[in-house]
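Some notes on the structure that comes next.
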Amino acid sequence: MTASAPAKPAVVTADAGPAGDRGRGLRRVIAYALLISYSLLMFVPFAWTVITSFKTLPDSTRLTFIPQPITLEAWEYALTNLEPSILVLFWNSLMIATIVTVSNLVLGSLAGYAFARLRFPGREALFVVVLATLMIPDQLRVVPIYILFSDIGLTIGIGQYIAVIVIMAISATSIFLLRQYFLTIPRDLEEAARIDGAGFFTTFWRVMLPLATPALAAVAILQFQGTWNSFFWPIVFLKNVGHLTLPIGLTFFREAGGLSNNWPPLMATVVVATIPILVLYIFFQRYFVEGIAAAGVKG
């Protein structure tokens, strides 16, 4: 009779599933609570601005969320009594922001594609120089730029618009984001286009640019928002009252327009200034998130 093999000792394993699920669920609850709290913190000032624009002046000084009574007097005052007209300010901001955004899309996509795909001497060094411009504050450039533009007549009349547009026509941020996105597109697509006889520009226009739609949307949103809210360069060059943009107009109304303590019309003007950016994010936020996420995954 042969001896049987000794039995293996039983291994007791801890069932970490439920505990792990509880920990993961707790972290998710905390994360959602923090995000909701932060969202409410950001939303309350905007909601308060909208509510105040429907209040009377005495009611605007009280901490109430429901206007007593609800009135459109502030909106009527903001749309009809301000000088320059809020519609003129809106048009000035829209014109400058649109031209600057289109310019950044055109020039930024060309430069980004060149830095991502074309081979030329000094490419990497030149790209570092482009990025280095982000570290130079506008305040250090204002004197030489103003003297230069003054010498060529861009500080009077319609030249004031041109000066602001030229300064913001191309941004290193636009070049960087588009260059990073072009690096994520497989080279096989370009090689297939070259086999079909396409040159660099045809490949860029017919193949690469349509694939870069998310990055273009992200650049468009960033540039439009930045130009729409821009204050420094417009206040340096826009001297005529009729040439002011909305951010400068708000300051002008507070100082010279009699709105320093007249909060409802001032809040109505702020709401008008916020609407384009809000609409832009609502309709293009998906492309914005895709473009920013894709542009940051390859160096």
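Residue separation times 0.36 nm, minus the C-alpha to C-alpha distance between residue 279 and residue 123: what's the value?
Gain on stretching residue 279 to residue 123: 52.3 nm.
Using a cut-off of 12 Å between beta-carbons, work out the net charge of the residues near residue 67 (Lys and Arg +1, Asp and Glu -1, residue 67 not included). Let's see the in-between values first.
Details: positive: 55, 62; negative: 59, 73.
So the environment of residue 67 carries a net charge of 0.
Averaging over all projection directions, find the projected area of the Cα convex hull of the range 66-224 and quote it in nm² with one decimal place.
Taking the Cα atoms of the range 66-224, their convex hull projects to 15.1 nm² on average.
Are there any helices in the chain, counted as whole DSSP H runs, that stretch 20 Å or more along their axis by Cα and score at least -0.5 on average by Kyte-Doolittle, and if so which? Don't jump to the answer; show the numbers that get you there.
Details: long enough: 17-52 (52 Å, 0.75); 86-117 (45 Å, 1.55); 213-228 (22 Å, 0.94); 263-295 (42 Å, 1.46).
Once both thresholds are applied, what remains is 17-52, 86-117, 213-228, 263-295.
With a ≥ b ≥ c the root eigenvalues of the C-alpha gyration tensor of the chain, is it rounded (a/c under 1.5), prolate (a/b larger than b/c) or oblate?
In terms of gyration-tensor shape, oblate.
Considering only C-alpha atoms, what is the centroid distance from the range 180-257 to the range 64-133, in Å?
Value for the Cα centre distance between the two parts: 8 Å.
Could you please report the charge total around residue 262, scoring K, R as +1 and D, E as -1 over all other residues with beta-carbon less than 15 angstrom from its beta-carbon?
-3
Between residue 133 and residue 241, what is the label-to-label distance in nm when each label sits 7 Å out along the Cα-to-Cβ direction?
It works out to 3.6 nm between the two label points.
Considering the zone a paramagnetic label at residue 81 would reach in this model (a point 7 Å from Cα along the Cα-to-Cβ line), which residues of the range 41-69 have amide N under 13 Å from it?
Those under the cut-off are 56-58.
Stick to Cα atoms and the Kirkwood definition of Rh, then tell me Rg/Rh for the range 23-72.
So for the range 23-72, dividing Rg by the Kirkwood Rh gives 1.29.
Using the Kirkwood radius over Cα pairs, work out the Stokes-Einstein diffusion coefficient for the range 135-259 at 20 °C and 1.002 mPa s, in µm²/s as a whole number.
122 µm²/s
Take the chain, mark every one of the trypsin sites (Lys or Arg not before Pro) that falls in a DSSP loop and has at most 10 other Cβ within 10 Å, then report the longest stretch left between them, sites excluded.
Counting only loop sites that pass the neighbour cut-off, the longest clear stretch is 120-299.
Just need the relative contact order of the range 75-295 here, percent rounded to a whole number, with Cα pairs under 8 Å and 6+ apart. Could you put the intermediate results ahead of the total?
Numbers: 225 pairs, mean separation 77.7, N = 221.
That works out to 35 percent.
The numbers here are math on the coordinates, done by the rules we state, and not lab data. These numbers come from a predicted model, not from an experiment. Backbone-built Cβ (ideal geometry, glycine too); neighbour counts: all protein chains shown.
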